[in-house]
Each structure stands twice: as structure tokens, then as C-alpha cells.
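The structure appears right after this line, and notes come after that.
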Amino acid sequence: MQHDWIIDVLSDLRDFAQQNDLSALAAQINDVTIVAHIEIASKTAKELTGGLPLVHTVDRKGVGRFGVG
């Protein structure tokens, strides 16, 4: 995938922060990494579905699912 490099960079930054006792920064980078994964997946899904957005739903048990909407 063409966007994998950004995940690698974020991982390196998080590792650096953890190794240098920058725990708040490491936590923020972890959150940003999750956002990056979601946005990359959404972009990929839109490309695969011809532009339809990826929709996230949560059922009554709190289980999240992605679908095309």
C-alpha cells in the first residue's frame, strides 16, 4: 500500500518518545496512528467501491462494524 510509510514513521516516533520517557507524547502518537489506519482504510475502501464512503456502525452490544454506505 502506498501509505504504509506514514505508519512506519509514526511507529518510529512513538518508540522514540517511549524510550525517552515522553509518555504523553507516545500516547498521542498512538492515537494518531489509529486515526491514520482508519483514514487509509477509508480511502482504500472508497477507491475499491467507486467512491462510496466507508460507514462505521456500532450495534447494541458495542461491537463496531465497517460497511459501505
Margin query: Please pick out the residue among Val9, Val35 that is out of contact with any Leu (no Cβ under 9 Å at 6 or more places or on another chain), without any contact (Cβ under 8 Å) to a residue 12 or more places away in the chain, of a type outside the set (S, T, N, Q) and closer than 18 Å to Gly64 by Cβ.
Written below: Val35
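Mind listing whichever residues of segment 5-15 are open to solvent by 70 Å² or more (accessible area, probe 1.4 Å) and in contact with a helix residue (DSSP H, G or I) (Cβ under 8 Å, 6 or more places away or on another chain)? Please lay out each step first, then the result.
In the first step, residues of segment 5-15 are kept if they are open to solvent by 70 Å² or more (accessible area, probe 1.4 Å); the result is 5, 8, 12-13.
Leu13 - this is the single residue of segment 5-15 that is open to solvent by 70 Å² or more (accessible area, probe 1.4 Å) and in contact with a helix residue (DSSP H, G or I) (Cβ under 8 Å, 6 or more places away or on another chain).
Being modelled with pLDDT under 85 and in a helix (DSSP H, G or I): is that true of Ser11 here? Show your work before the answer.
Numbers: modelled with pLDDT under 85: no; in a helix (DSSP H, G or I): yes.
When the stated conditions are applied, Ser11 does not pass them.
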Note to self: Anything in segment 16-69 that is modelled with pLDDT of 80 or more, surrounded by 10 or more Cβ atoms within 10 Å (Cβ to Cβ) and assigned to a loop (DSSP other than H, G, I, E, B)? List them, or say none.
What the structure shows: Asn20, Leu22
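The values are calculated or read from the model by the stated rules, or taken from the named source; none is laboratory data. Owing to the predicted nature of the structure, the values given are computational and were not obtained by experimental measurement. Ideal geometry is used to build each Cβ from the backbone, glycine not excepted, and the neighbour counts take in all protein chains shown. Calculation scope for accessible area: heavy atoms of the full protein, side chains included, ligands and nucleic acids excluded. Shrake-Rupley method; radii C 1.70, N 1.55, O 1.52, S 1.80 Å.
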